[in-house]
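Okay, so here's the structure we're looking at.
The values are calculated or read from the model by the stated rules, or taken from the named source; none is laboratory data. Model, not experiment: these values are computed from the prediction. Every residue, glycine as well, gets a Cβ built from its backbone with ideal geometry; the counts of neighbours run over all protein chains shown.
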Amino acid sequence: MKDFDVQVLGAGIVGRCLALALARAGLSVALRPEGARPADGDDVRAYALNAASVELLRGLKVWDALPAHAATAVLDMHVQGDAHAAAIDFSAWQQQVSALAWITDAALLERELAAAVRFAPHITVVDADVPAALTALCEGKGSTTRAALGVAFERVAYGHQAIAARLTSSKAHQGIARQWFRAPDVLALLPFDAPQPQRSYALVWSLPNARAQQLLALDAPAFEHELMRCSGGEAGTLALASKRAAWPLMQANASAWCGPGWVLLGDAAHVVHPLAGQGLNLGLADVAALVGVIRRREPWRALGDEKLLRRYARERAAPTWATGQLTDGLMRLFADDLPLARELRNRGLTLVNHLSPLKRWLTARALNS
Ligand SMILES: Cc1cc2nc3c(=O)[nH]c(=O)nc-3n(C[C@H](O)[C@H](O)[C@H](O)COP(=O)(O)OP(=O)(O)OC[C@H]3O[C@@H](n4cnc5c(N)ncnc54)[C@H](O)[C@@H]3O)c2cc1C
């Protein structure tokens, strides 16, 4: 077996995007998958992707290959606190952008990436370790290679799970994403165009473990009843259009992101609560940053040179830290049911809603994590 420039461990979205981006930069790439990816239609999640992620996927010729119903633009976002008057609204029009995010079908995105990898000339799919100048670990949060390297993964389990499912609605979504901070639940309805154009949502509902298990055990009509109770009917009459699945939630960070000949990206490096829809966006920003650092390297510098890899780690440290703090802070603020905490957070939401520069700043951050 010849030596490769880069060996990518893990064929999730981050690993496949990295392999494609490196191959486009002219490097020879070995991609080593392990474990089965969910079969088509099995992952009921839809990811809120920001402008920077869409740009990356477009550059990889993946975004424009997605079927039209695979991605829906979010034009407005309504975030509701646990007092009725406390809310914050974001609008693409006010922020002068074409969309706040694109809600993207997880399974269709994976399928398109897999096809792109199959046809990429510089990518070889391998089933064992191969010699390479650089090994990129994109193995997700449970990365075993990271553990074998002795890198600690400092995690805080929230004791919450996120239930995801697809829904249909009696009312058109009009491109509005809705989120309710209901202490301790966070309920999000993300506009989507499948299975029914204009009348579908992707659900992400974060709840304490025991409550999540109760909801999963309910039959469809009882689950839909709970959804209607919590959303107050604002998104119309909602019906389940898929199975329900749940993920345990945590915040985590690797104690080191690189070393001689190796580097971490995506969930293998950091995990955040999905309430701000930023985990994959961070991972794709890692890909863009690493490929940028590699493209700009001095001609004599080896790919596995730790000095080079530290440039990538430095570039990603601040945005990843800021997103982690924001999601963790929001999660904790709304987990507390004391009256004072409730009063403070609801006043805070109302205040932020009236501060246009702060809203613009928050939106810009979310669009370019
Ligand atoms: C409910 C929910 C909703 C979310 N919504 C959003 C959202 O709206 N927007 C957003 O940006 N993010 C969102 N996220 C976060 C997003 O799902 C993750 O950040 C993203 O999937 C991480 O991708 P990854 O490729 O790094 O890891 P993974 O998807 O975990 O992929 C890792 C791959 O590596 C493989 N692997 C593991 N070990 C090895 C090994 N030793 N060798 C080779 N391969 C290995 C695994 O089998 C897997 O295929 C959400 C998460 C959840 C739970």
(request) Could you figure out which of (1) near the ligand (Cβ under 9 Å from one of its atoms); (2) modelled with pLDDT of 95 or more; (3) not polar (S, T, N, Q) isn't true of Ala23? (result) (1)
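Determine whether Ala276 is touching a Leu at 6+ places or on another chain (Cβ under 7 Å), near the ligand (Cβ under 9 Å from one of its atoms) and at pLDDT below 95.
Yes: the conditions hold for Ala276.
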(request) Determine if the range 44-62 includes at least one residue that is touching a Phe, Trp or Tyr at 6+ places or on another chain (Cβ under 9 Å), among the acidic types (Asp, Glu), farther than 23 Å from Ser200 by Cα and part of a loop (DSSP other than H, G, I, E, B). (result) no
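Condition check: within 20 Å of Leu20 (Cβ to Cβ), surrounded by 15 or more Cβ atoms within 10 Å (Cβ to Cβ), of a type outside the set (D, E, K, R) and away from the ligand (no atom under 15 Å from the Cβ). Does Ala120 satisfy that? Explain how you work it out, then say what you get.
Details: within 20 Å of Leu20 (Cβ to Cβ): yes; surrounded by 15 or more Cβ atoms within 10 Å (Cβ to Cβ): yes; of a type outside the set (D, E, K, R): yes; away from the ligand (no atom under 15 Å from the Cβ): yes.
Taking the combined requirement at face value, the residue satisfies it.
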(request) Look through Ala51, Ala86 and report the one residue that is within 15 Å of the chain's Cα centre (by Cα), within 23 Å of Leu330 (Cα to Cα) and surrounded by fewer than 22 Cβ atoms within 10 Å (Cβ to Cβ). (result) Ala51
(request) Name, by its number, the condition in (1) buried (at least 17 other Cβ atoms within 10 Å of the Cβ); (2) more than 19 Å from the chain's Cα centre (by Cα) that does not hold for Leu108. (result) (2)
(request) Please enumerate the residues belonging to the range 12-67 that are touching a residue at least 40 places away in the same chain (Cβ under 8 Å) and at positive phi. (result) Gly26, Gly41, Lys61
(message) I'd like the full set of residues that are of a type outside the set (D, E, K, R) and surrounded by fewer than 20 Cβ atoms within 10 Å (Cβ to Cβ), limited to the range 55-74.
(response) Gly59, Ala65, Leu66, Pro67, Ala68, His69, Ala73
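Assess whether Ser91 counts as being closer than 18 Å to Leu189 by Cβ and among the small types (Gly, Ala, Ser). Spell out the reasoning first.
On the way: closer than 18 Å to Leu189 by Cβ: yes; among the small types (Gly, Ala, Ser): yes.
Yes: the conditions hold for Ser91.
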(request) From (1) more than 13 Å from the ligand (Cβ to nearest atom); (2) buried (at least 16 other Cβ atoms within 10 Å of the Cβ); (3) closer than 23 Å to Leu49 by Cα, pick out the condition that doesn't hold for Gly266. (result) (1)
(request) Would you check which residues across the range 128-167 are acidic (Asp, Glu) and either within 18 Å of Ile13 (Cα to Cα) or in contact with a helix residue (DSSP H, G or I) (Cβ under 6 Å, 6 or more places away or on another chain) (or both) and list them? (result) Glu139
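When you check Ala68 against the structure, is it more than 14 Å from the ligand (Cβ to nearest atom), over 30 Å from Arg146 (Cα atoms) and out of contact with any helix residue (DSSP H, G or I) (no Cβ under 8 Å at 6 or more places or on another chain), yes or no?
Working: more than 14 Å from the ligand (Cβ to nearest atom): yes; over 30 Å from Arg146 (Cα atoms): yes; out of contact with any helix residue (DSSP H, G or I) (no Cβ under 8 Å at 6 or more places or on another chain): yes.
Against the criterion (more than 14 Å from the ligand (Cβ to nearest atom), over 30 Å from Arg146 (Cα atoms) and out of contact with any helix residue (DSSP H, G or I) (no Cβ under 8 Å at 6 or more places or on another chain)), Ala68 qualifies.
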(message) So if I check each of Leu326, Leu338, which one is within 25 Å of Ala212 (Cα to Cα), more than 16 Å from the ligand (Cβ to nearest atom) and at pLDDT below 95?
(response) Leu338
(message) Among the listed residues Leu290, Leu249, identify the single one that is out of contact with any Leu (no Cβ under 6 Å at 6 or more places or on another chain) and more than 9 Å from the ligand (Cβ to nearest atom).
(response) Leu290
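Residues that are over 25 Å from Gly277 (Cα atoms), at least 3 per element: which strands (runs of 3 or more DSSP E) completely within the range 106-209 meet that?
On the way: elements: 123-125, 132-137, 153-169, 176-181, 186-192, 200-208.
Here the list reads 123-125, 132-137.
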(request) Only residues that are of a type in the set (Lys, Arg) and under 18 Å from the mean Cα position of the chain (by Cα): list them for the range 111-140, please. (result) Arg111
(message) Given the criterion at pLDDT 95 or above, in contact with a Phe, Trp or Tyr (Cβ under 9 Å, 6 or more places away or on another chain) and farther than 16 Å from Gln7 by Cα, identify the matching residue among Leu137, Leu189.
(response) Leu189
